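J.: Sending over a structure as structure tokens; questions will come in a sec.
Values in this text are rule-based calculations from the coordinates and carry no lab data. Just so you know, these numbers come straight off a predicted model, no measurement behind them. Here the Cβ is made from the backbone with ideal geometry for all residues, glycine too, and neighbour counts use every protein chain on show.
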Amino acid sequence: MSTDRYSSPLSERYASKEMQYIFSQDMKFSTWHKLWIALAETEMELGLSENGKPVITQEQIDEMKAHVDDINYDVAKEREKLVRHDVMSHVYAYGQQCPKAAGIIHLGATSCYVGDNTDIIVMNEALKLVHKKLVNVIAELSAFAEKYKELPTLAFTHFQPAQPTTVGKRATLWTQEFLMDLEDLEYVQSTLKLLGSKGTTGTQASFLELFDGDQETIDKIDPMIAKKMGFEACYPVSGQTYSRKVDTRVINVLAGIAASAHKMSNDIRLLQHLKEVEEPFEKNQIGSSAMAYKRNPMRSERIASLSRYVMVDALNPAITSATQWFERTLDDSANKRLSIPEGFLAIDGILDLCLNVVDGLVVYPKVIEKHFMAEIPFMATENIMMDAVKQGGNRQELHEKIRQLSMEAGKTVKEEGKDNNLVDLIAADPAFGLTKEQITETLKPELYVGRAPRQVEVFLRDVVQPVLDANKDELGMTAEINV
């Protein structure tokens, strides 16, 4: 690592080695080589000839294949200083390694043949890794939801105590959003196509020249290249580049995942403040340089921080797509070099953090119960009132009494800092005809969570499990957190 120049935190601190390789120079230029081989093979197989002699031979193809992963970096770098063109620099460098094939490398193609096709291939590989990690986050969340499906907890609306739910039910809300993201990812990935080899403005005019106007033969070029590169098809029409709306769709998927992760991490941060749930905290971890006792939710905070970056990053390809002129301009290039890799590197770090946090979430049932019991007398008043009516009370009169006693109890809690004494106040009022013991019997937390446990069971069985079964080969990941 160089210490005298800027290095990206995404590489140094957050993204995995696997994602970094996908966007590496080795991956990029070896893919260029594979695309040049696919083009040359296609042209040879389609019988490209001049005066009855083949233009491309198997010997040339074999020579190119022998150097497919052997990137001639030094030669390409020096050449680019001279010609100021990255693609032609690598055509030259590859040709130095493959002298017999030097004259046919990149034949009939324009720079976007390697540049754009490689971008699609790289994004496809990156989406595969994101898919794998997202499936594992869903699996971890489902296990957490199953474990705590029956543990009652206060629910919150407006971050004010509301009708209770369960810890597991809350986790299904996080899970459901990630499942939506998975659906979006799979759909967008299923629509990815290669650019193919369309020429300088997308008309394939160069191939019309190479193949002497043979339209039927030229129609076979893109499908053959796509198959060789592991894709089902190429985009049917294009300018010089594939539509930059493709990048927009891909990064929007990442932004959706980031939004889901941000929401979950915010909930965890709030729960950690309440001391109900806590993210993993290592034995020697320091929470604060000044306050040694602190256990800050730093990983959840980092999820939120990186997620905001990805959500904002989604503007880049959208604006780039909107501002492309006619068949192409080059104001996309510098932006794409930043926004696409960094969006993926950031979401990779986010998903690793999500895996780590969910896998190590600590739940404190006693604290949850304490908070629950402090609020449940207010929430139980309807049940208490019904029991009192059964004892012969007047519903309307009791409703007014409960309203007054609730306000008195609330004042005791808020102004005097004392415990909620609503149960004692009701038990002391003869109008209710209930003892404290009878009232306390109605305050069992599990009586107030509605169908939450059942909802968790059905959701995990009918929605989550089929997804996990369909992706069982991807399960079992653990995440390594660098900092």
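J.: Can you compute the charge dipole magnitude of the range 342-462 about its Cα centre, using +1 on each Lys and Arg Cβ and -1 on each Asp and Glu Cβ, nothing else charged? Give it in debye, rounded to the nearest 20.
T.: That gives a dipole near 460 debye.
J.: Another question, then. Just need the relative contact order of the range 21-107 here, percent rounded to a whole number, with Cα pairs under 8 Å and 6+ apart.
T.: Value for the range 21-107: 31 percent.
J.: Loop only by DSSP, 12 or fewer other Cβ within 10 Å of the Cβ. Give me the trypsin sites (Lys or Arg not before Pro) in the range 394-448 that pass, ordered by residue number.
T.: Numbers: sites: ARG395, LYS401, ARG403, LYS411, LYS414, LYS418, LYS436; in loops: LYS418.
The qualifying sites are LYS418.
J.: Among the listed pairs LYS133/LYS220; LYS275/LYS401; LYS147/LYS370; LYS169/LYS263; LYS34/LYS198, which have their C-alpha atoms separated by more than 27 angstrom in this model?
T.: LYS133/LYS220; LYS275/LYS401
J.: State whether the range 381-442 is rounded, prolate or oblate according to the following rule on the C-alpha gyration tensor (a ≥ b ≥ c being the square roots of its eigenvalues): a/c under 1.5 gives rounded; otherwise a/b larger than b/c gives prolate, and the remaining case gives oblate.
T.: Here the range 381-442 falls in the prolate category.
J.: Here's another thing I want to ask about it. Mark the label point 7 Å from the Cα of MET373 along Cα→Cβ and return the residues of the range 141-173 whose backbone N is within less than 16 Å of it.
T.: Counting backbone N atoms under 16 Å from the label point, the list is 152-154.
J.: Is there a quick way to get the dipole size of the chain? I mean about its Cα centre, with the Cβ of Lys and Arg at +1 and of Asp and Glu at -1; what is the value in debye to the nearest 20?
T.: Roughly 1220 debye, rounded to the nearest 20.
J.: Find, among the chymotrypsin sites (Phe, Trp or Tyr not before Pro) in the range 130-235, those assigned to loop by DSSP (not H, G, I, E, B) with at most 16 other beta-carbon atoms within 10 angstrom.
T.: Hits after loop and neighbour filter: PHE159.
J.: Now, a different point. Find how much the distance from LYS227 to LYS147 grows on full extension, using 0.36 nm per residue of separation minus their present alpha carbon separation; answer in nm with one decimal.
T.: Result: 24.2 nm gained on full extension.
J.: Among PRO341, THR412, CYS98, whose Cα lies farthest out toward the positive end of the dipole of the chain, if unit charges sit on the beta carbon of Lys, Arg (+1) and Asp, Glu (-1)?
T.: THR412
J.: Within 10 Å of each residue's Cβ, count the other Cβ atoms and sort LYS53, LYS472 from fewest upward.
T.: Placing the least packed residue first, the sequence is LYS53, LYS472.
J.: Let me ask you something else. To the nearest 10 degrees, how steeply does helix 333-359 sit against the main Cα axis of the chain, on a 0 to 90 scale?
T.: 40 degrees
J.: Between 0 and 90 degrees, rounded to the nearest ten: what's the tilt of helix 365-379 against the longest Cα principal axis of the chain?
T.: So the helix axis and the longest Cα principal axis differ by about 60 degrees.
J.: Sticking with this one: Hey, what did the range 381-442 get for relative contact order, percent, Cα under 8 Å, at least 6 apart?
T.: This gives 35 percent for the range 381-442.
J.: Compute the FRET efficiency between ASP219 and ARG451 as 1/(1 + (r/R0)^6), taking r as their Cβ-Cβ distance and R0 = 45 Å, and round to the nearest 0.05.
T.: Once rounded, the FRET efficiency stands at 0.20.
J.: What does the C-alpha gyration tensor say about the overall shape of the range 21-107? Classify as rounded when a/c is under 1.5, otherwise prolate if a/b is larger than b/c, or oblate.
T.: Here the range 21-107 falls in the prolate category.
J.: Output the direction-averaged projected area (hull surface divided by four) of the convex hull of the alpha-carbon atoms of the range 1-51, in nm². Please report the intermediate quantities before stating the final value.
T.: On the way: hull surface 23.2 nm².
Projected over every direction and averaged, the Cα hull of the range 1-51 covers 5.8 nm².
J.: Any idea what the relative contact order of the chain is, in percent, if you count C-alpha pairs under 8 Å spaced at least 6 apart?
T.: Taking the mean separation of contacting Cα pairs over the length of the chain, I get 19 percent.
J.: Between the DSSP loop rule and a limit of at most 13 other Cβ atoms within 10 Å, which trypsin sites (Lys or Arg not before Pro) in the range 1-88 are left?
T.: The qualifying sites are ARG5, ARG84.
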